[in-house]
Amino acid sequence: MHAPILLRPIVILLLAAATAASAQDKGTLDPQPLPPLAHPESPGTAARELFGRKTTPAHLEARSIGFYSHGCIAGAQALPINGKTWQVMRLSRNRNWGHPRLIEMLERLSAQAARLGWPGLLVGDMSQPRGGPMLTGHASHQVGLDADIWLTPMPKRELSREEREEMSATMVVADDRRDVDPKVWTPAHVALIKTAARDPEVERIFVNAAIKKALCREAGSDRDWLHKVRPYWGHDYHFHVRIACPPGETSCQPQPPAPPGDGCGKELDWWFRESVLHPPPPKEPPKPRPGITMAALPAACRQILMAP
């Protein structure tokens, strides 16, 4: 994936945003409700302020609406915080919601991975109860079809609430950002990501470019799954798995097909340029951007927001 010359200023801004969002923010043992909005009905109110205050799903038939970074979800289900082969992290965020097909995929992947030597999944952010833009952290994850999976194997015990809020995931990228850290990277990491990519419902997997490089090197002759795994900023302690729009849900806007080929070799070179790995600081701090309003989301998202 190359960044055209005309897009390089935009790329650097995205990199700065990704760096800010990549910190492993801790949760809290005492989550507090957000204060009421003074004018929730105002057309200028950011959609993230409205969706971020919904703590329960819209009790409607499950349906993903819009695009992964521009939509919402009806009938979301919560991934149980404990399973035989998974545990949910950062419970205070209330972001363990998704389309039933995402829940099924995570349960399926966790069981498959456990049989391959990965003890279980530590699941990070999925979506909010009604999807939509989030107050912090993600541009996507809006339609209940995205999930972050930590690159830390699940311990052989149930984590405490404090551990789920405060422990950090394993950084697998080396300090120079040019490859994985051989002290922590294992064949089990390769097997886990490969298993996820081979799931027929998975549309994309996003990883740090150094992780993509390692996967390219270690895949051997079995490479048909690599085209789903795409490099992106951050994603050095977790990978982002995205499933396709559910069959028959015409309100869901699909992800464009992945480019042909395995995405290795020269396609990765751009990511390891010095100017990309260590961009110069901006001359001025970027100005905060106003969040999108409800008018910018699919019309059905207002119905989802207002549903009981």
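None of the figures in this text is laboratory data; all of them are computed from the coordinates on show. This is a predicted model, so every value here is computed, not measured. Please note: Cβ atoms are built from the backbone with ideal geometry, for glycine as well, and neighbour counts cover all protein chains shown.
Under 18 Å Cα to Cα from LYS183, which aspartates and glutamates show up? Leave out anything in the same chain fewer than 8 places away.
ASP175, GLU218, ASP236
Given a Förster distance of 45 angstrom, what is the FRET efficiency for THR186 paired with THR56, based on the Cβ-Cβ distance and rounded to 0.05?
It comes to 0.70.
Show me 282-291, 227-236 ranked by packing, highest mean number of other Cβ atoms within 10 Å first.
Listed from highest to lowest mean packing, they are 227-236, 282-291.
Starting from the 7 Å offset along Cα-to-Cβ, what nm value, one decimal, do you get for the label separation of ILE81 and GLU49?
3.0 nm
List the residues of the stretch 198-218 whose backbone N lies under 19 Å from a point placed 7 Å from the Cα of ASP175 along the Cα-to-Cβ direction.
Answer for the stretch 198-218: 210-211.
Once you've got the Cα coordinates, tell me which of LYS156/LYS228; LYS54/LYS228; LYS156/LYS194 are over 28 Å apart.
Beyond 28 Å between Cα atoms: LYS156/LYS228; LYS54/LYS228.
Counting pairs of alpha carbon atoms under 8 Å apart in space and at least six apart in sequence, what relative contact order in percent does the chain give? Intermediate results must be reported in sequence, preceding the final value.
Numbers: 593 pairs, mean separation 69.3, N = 308.
Value for the chain: 22 percent.
In the Gaussian network model of the chain, springs joining C-alpha atoms below 10 Å, which of SER42, SER168, SER110 carries the largest mean-square fluctuation?
Comparing SER42, SER168, SER110 in the GNM, the peak value goes to SER42.
Given a 10 angstrom Cα cut-off, can you work out which residue in ILE292, ILE211, ILE243 is the most mobile in a GNM of the chain?
Of ILE292, ILE211, ILE243, the most mobile in the Gaussian network model is ILE292.
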